[in-house]
Amino acid sequence: MKKLIKIGLVISFTFYVFILTILLFFGGRSNGWMADLTFLEYMKYSSNFVPFKTISTYINAIFSGNMNLDIPLKNLFGNLLMFLPMGIYLPYFIKRLKRISSFSVTFMIILLVIEITQSISRRGSFDIDDFILNTIGALIGFGVWTKFFRR
């Protein structure tokens, strides 16, 4: 039975990583006018290095109604939920990540590599708020793993 569970987790993790890769690097983003910019100009116009800048904008939009509610909800909860499964999968498959400190450092390095790769490939942008929300989502997943799955 344990072997069957492990096979199921390997298959579901593979599917999850495949979907995550599509969402992060091939998910219908169009650079439009930014396609002609130099890399530094692209970084200047597309990146957010100010923590909570877009998070606060979306939260204000939810309460003020000055934006289609679908946009802030998808961005806030989508970024939280996108990496929640990683908080379960990583400590399951990599036994050294059973402690929150080692998990957090490893996950943040992975996330930093993803954000930088998105920027360099111009398949997204570096956004510290995405980083924050993705990290919180993964930590929630880690909490779920710790509470229900770790034995």
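The values are calculated or read from the model by the stated rules, or taken from the named source; none is laboratory data. This one's a predicted model, so the numbers in the text were calculated from it and none came from an experiment. Note that we place each Cβ from the backbone using ideal geometry, even for glycine, and neighbour counts take in every protein chain shown. The area values use the complete protein model at the heavy-atom level, side chains included, leaving out ligands, DNA and RNA. Shrake-Rupley method; radii C 1.70, N 1.55, O 1.52, S 1.80 Å.
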Exercise. Looking at residue 90, is it at pLDDT 95 or above, among the hydrophobic types (A, V, I, L, M, F, W, C), surrounded by 13 or more Cβ atoms within 10 Å (Cβ to Cβ) and farther than 30 Å from residue 2 by Cβ?
Worked result: no
Exercise. Among the residues of segment 62-102, which ones are of a type in the set (Lys, Arg) and either in contact (Cβ under 8 Å) with a residue 24 or more places away in the chain or at positive phi (or both)?
Worked result: 98
Problem set entry | Contacts under 9 angstrom Cβ, first residue in segment 112-125 being among the basic types (Lys, Arg), partner assigned to a helix (DSSP H, G or I), 6 or more apart | 122/34; 122/35; 122/39; 122/42; 122/46; 123/24; 123/25; 123/117
For this session: Examine segment 25-47 for a residue that is over 19 Å from residue 119 (Cα atoms) and hydroxyl-bearing (Ser, Thr, Tyr), and state whether such a residue exists.
Result: no
Problem set entry | Every residue from segment 1-28 that is of a type outside the set (A, V, I, L, M, F, W, C) and open to solvent by 90 Å² or more (accessible area, probe 1.4 Å) | 2, 3, 6
Exercise. Does at least one position in segment 105-119 carry a residue that is at pLDDT below 95, within 20 Å of residue 48 (Cβ to Cβ) and surrounded by fewer than 17 Cβ atoms within 10 Å (Cβ to Cβ)?
Worked result: yes
Exercise. Is it the case that residue 56 is exposed (fewer than 14 other Cβ atoms within 10 Å of the Cβ), more than 28 Å from residue 3 (Cβ to Cβ) and modelled with pLDDT of 95 or more?
Worked result: yes
For this session: From (1) within 18 Å of residue 25 (Cα to Cα); (2) in a helix (DSSP H, G or I); (3) of a type in the set (Gly, Ala, Ser), pick out the condition that doesn't hold for residue 125.
Result: (2)
Seminar exercise, completed: Given (1) over 24 Å from residue 138 (Cα atoms); (2) open to solvent by 40 Å² or more (accessible area, probe 1.4 Å); (3) not charged (D, E, K, R), residue 77 misses just (1)
Exercise. What do you reckon, is residue 68 over 24 Å from residue 5 (Cα atoms), outside any helix (DSSP H, G or I) and open to solvent by 90 Å² or more (accessible area, probe 1.4 Å)?
Worked result: yes
